[in-house]
Ligand code: FPP
């Protein structure tokens, strides 16, 4: 990767890992083979982000809508998840990667829930990179649970602010994604981090997720570095150093 990008790297990258099924179909393989290849791509991108010094990486691994898929495919995804938690935890610990799940963890089957909780505990003191796995996640449901949490805490309407609501999201306390990547050519957000991505730069690539490697990530980072983020300000205001604001 171009060294000049070093100062222009995003602090938080969020990725919609799409195209596993098409990748498998193109090879005459079952969809589950695509997910296995997708999990391998995820491993490589996690390592690469850690190497580059990215602070937070969020991967969309299972949406609340994914329950509508065939039972066998869901089972295969959950096996991959169990395998990921078992096999990757020692490496994450070694590399200082803290695992966190965003989504309705309690809605996952018990073995996956237990393995992920264990992995989160084991890596809880790691501070080189935060890896959020979005599992059983939907952004609208996330916003609704945040509102419920606020109301349950006795907040009055005038207490509801971007800060107080943001703190009740699964990502409370984390910076918003600077860069959102979606693989496979689809250009939509699919109920992913709708609140947090208000000012994120969006990068869509036709590359199917299992083929998304370090070189593809470098292309996304180069595109990001070339964008002017204005947060609603004019170019002149930014040039005069009026900071980011919104
Ligand atoms: C979308 O491809 C991908 C998913 C629904 C699951 C993403 C999961 C993985 C990459 C594997 C598990 C990851 C980890 C980190 C253990 P698709 O099936 O919708 O593809 P298609 O649109 O081509 O059919």
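Here, each number is a calculation from the coordinates, and none is a lab measurement. Values in this document were obtained by computation on a predicted structure and should not be read as measured data. So basically every Cβ, Gly included, is an ideal-geometry build from the backbone, and we count neighbours across all protein chains shown.
Each label point was placed 7 Å from the Cα along the Cα-to-Cβ direction; for residue 238 and residue 152 their separation is 4.0 nm. Shape summary: the chain maps onto an equivalent ellipsoid whose semi-axes, from the alpha-carbon gyration tensor, are 28, 24, 18 Å in decreasing order.
Using bins of 5 Å that start at zero, the share of Cα-Cα pairs per bin across the range 143-200 amounts to 4, 17, 26, 20, 14, 10, 6, 3, 1, in whole %.
Across 163, 58, 207, mean-square fluctuation computed from a Gaussian network of the chain (C-alpha pairs under 10 Å connected) peaks at 163.
Kirkwood radius and radius of gyration were both taken over the C-alpha atoms of the range 6-75, and their ratio Rg/Rh is 1.06.
Global dimensions of the range 96-154 from alpha-carbon coordinates: Rg and Dmax equal 13.3, 37 Å.
Sorting 143, 54, 15 by the number of Cβ atoms found within 10 Å of their own Cβ, with the fewest placed first, yields 143, 54, 15. Relative to the current alpha-carbon distance between residue 191 and residue 66, full extension at 0.36 nm per residue lengthens the span by 43.8 nm. Here is the size of the range 105-199 from its Cα atoms: Rg then Dmax, 15.3, 44 Å.
The value of relative contact order for the range 141-225, using C-alpha pairs under 8 Å at least six residues apart, is 26 percent.
Averaging over all projection directions, the Cα-based convex hull of the range 1-144 occupies 9.7 nm² in the image plane. Summarising the overall dimensions of the range 70-122 from its C-alpha atoms, the Rg and Dmax are 11.5, 36 angstrom.
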